[in-house]
Amino acid sequence: EQLLGENVDVRADVYAAAVSLWEALVGRRAFGHGSDAEIALKVLRRPLSPAQDVEPSIPSRLGACVARGHHPSKSERFE
């Protein structure tokens, strides 16, 4: 939202926390490596795959919570 100049609220923090949890569960960076600009473009263009698609041992309920937290639409995230 911040990259697009939209109003930022707590759901931006939920997104960041969910991406961090995704990375911890999967064991790799969510958007790969690159410059800040390259990472920002990836965030805007490519939603994350569900964590359990990358690491099948992740429990489905945990994966669903993580997916809701990093949903591209802030209206779909936890408040």
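The values are calculated or read from the model by the stated rules, or taken from the named source; none is laboratory data. None of the values given here were measured: they were computed from a predicted structure. FYI the Cβ positions are ideal-geometry reconstructions off the backbone, even for glycines, and counts take in every protein chain you see. We work out accessible area using only protein heavy atoms, side chains counted, and drop any ligands, DNA or RNA first. Shrake-Rupley method; radii C 1.70, N 1.55, O 1.52, S 1.80 Å.
Couple of notes before you dig in:
- Tabulated pairs, the range 39-58, first over 13 Å from L25 (Cα atoms), second open to solvent by 50 Å² or more (accessible area, probe 1.4 Å) and outside any helix (DSSP H, G or I), C-beta under 7 angstrom, 6+ apart or interchain: A40/L3; L44/L3; P47/P72
- Residue within the range 31-47 that is within 12 Å of the chain's Cα centre (by Cα) and buried (at least 18 other Cβ atoms within 10 Å of the Cβ) present: no
- Condition check for Q2: polar (S, T, N, Q), exposed (fewer than 12 other Cβ atoms within 10 Å of the Cβ) and touching a helix residue (DSSP H, G or I) at 6+ places or on another chain (Cβ under 7 Å): yes
- Checking V14, V54 one by one, the residue that is modelled with pLDDT of 95 or more, surrounded by 14 or more Cβ atoms within 10 Å (Cβ to Cβ) and either in contact with a helix residue (DSSP H, G or I) (Cβ under 9 Å, 6 or more places away or on another chain) or not aromatic (F, W, Y) (or both) is V14 and no other.
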